[in-house]
1. Report, by residue number, each residue of the stretch B:175-206 that is at pLDDT 90 or above, buried (at least 20 other Cβ atoms within 10 Å of the Cβ) and in a helix (DSSP H, G or I).
2. Here is a check on your reading of the model: is residue B:151 touching a strand residue (DSSP E or B) at 6+ places or on another chain (Cβ under 6 Å) and either within 25 Å of residue B:49 (Cα to Cα) or more than 14 Å from chain A (Cβ to nearest Cβ) (or both)?
3. Let me confirm something: among A:110, A:94, which residue is surrounded by 15 or more Cβ atoms within 10 Å (Cβ to Cβ), modelled with pLDDT under 95 and in contact with a helix residue (DSSP H, G or I) (Cβ under 6 Å, 6 or more places away or on another chain)?
4. From the list B:115, B:68, B:64, pick out the single residue that is crowded, with 17+ Cβ neighbours inside 10 Å and more than 13 Å from chain A (Cβ to nearest Cβ).
5. In this structure, is residue B:106 part of a helix (DSSP H, G or I) and over 26 Å from residue B:214 (Cβ atoms)?
6. So which residues in the stretch B:71-93 are under 12 Å from residue B:117 (Cα atoms) and within 12 Å of chain A (Cβ to nearest Cβ), if there are any at all?
7. Before we move on, is residue B:104 within 14 Å of chain A (Cβ to nearest Cβ), farther than 23 Å from residue B:175 by Cβ and without any contact (Cβ under 8 Å) to a residue 24 or more places away in the chain?
8. Please go through the stretch B:184-217 and give me each residue that is touching a strand residue (DSSP E or B) at 6+ places or on another chain (Cβ under 6 Å) and within 24 Å of residue B:51 (Cβ to Cβ), ordered by number.
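The values are calculated or read from the model by the stated rules, or taken from the named source; none is laboratory data. Nothing here was measured: the structure is a model prediction, and the numbers come from that model. Cβ sites come from the backbone with ideal geometry, for glycine too, and all protein chains shown count toward neighbours.
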């Protein structure tokens, strides 16, 4: 995937030199995410969907809601699952074939952010305990890559889930049967927002773009819920963060997450 | 003599008759058919299409800007913004007494370095052979890389270098243009660098516009006033 790109040394030097002056290569402030455009219901036939543009990164998420067998150990809970995929058209270095480690990480980080915030109230997704539950599947495809897929995918999945409409099912003669004409909102409790920060030299930047992504030494993705609690965290890259930097990242993720949550709310309210 | 220039798309019949098909055309029976979007040109005995877009196809003696992608113990692999990978043998840098045991390639050029290089040999059956052993060639240490469409390189250079000379004079920048569409600009002042960058991007976007030289000149003059 895109990690194979080789960034030329001149650009790497330029990025570092600008950061020393407190500037970024695209003119943003260090803690400023790129412009976010959220288009919900981008796929009319899906139960829920959203297309998100984060600068020049573009992702599409579709939500499928269908009856499923529960996991044997949690028969009183529905299923939520999130997957991600990179299309070869998203970047010159992306090839078809089984997903590589970075793509698997992407899906897991997005899934974890939503799962651990308990956004989808899975306890309400039970048709009959231990027999049949409702499964919610959020599938994300990356259409255009320019760094920071974690956040773009997370916003797309969240926006799609917030605006999803779920059909209703009941048990009739031990068979799951759809109730015609009854649709309800997916039961959600909070709005998780992930904020990814990259460490380049000794500087921490929010929402790194493609060039910054290729030149960063370490990254951390922190997901916060509506109450400002940190509910998931993923650190990547070969360098480390000091304790102070980690605290700073946590505070930044809460502050920036708050602004982004308003955009997700606006997208949700635009539909209702 | 050049005559009958026209815009063509793939499948267009450019002409019929005893012409030699050159770049981006094919001969089907008597007809000469375009295989790319571009401008067709009919010469005395040959026909070709100058593409409006597309990847860089190496030509012998082209100056290109290349990026080191990786190396083996015997050669470097260069990204030359093409569908072909540039091949730079270690002997070219270390000389004829290069020894794969004693010499470490990464000491001279490492992944991510930019070099000004020349296409030494290329015949479409093998990856292009690249050389950096010449005056003005070699590793690029400063400046910024700007990528433009390879098909717009002639426009950026202009007639007898008019466009690029104008940009260089107005901004005091040094511009190295690779035929592969990669351009390295270096300048002592950040303002000049930015201005040169804007001018080059303007040429890339408006390559089809008539009087582009005047427009670029106007932009350069305006910026220097403010």
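1. Within the stretch B:175-206, B:196, B:199, B:200, B:203 meet the criteria.
2. Taking the combined requirement at face value, the residue satisfies it.
3. A:94
4. Just a single option satisfies the conditions, and that option is B:64.
5. So residue B:106 fits the description; yes.
6. Of everything in the stretch B:71-93, those that are under 12 Å from residue B:117 (Cα atoms) and within 12 Å of chain A (Cβ to nearest Cβ) turn out to be B:78, B:79.
7. Taking the combined requirement at face value, the residue does not satisfy it.
8. B:184, B:200, listed by residue number.
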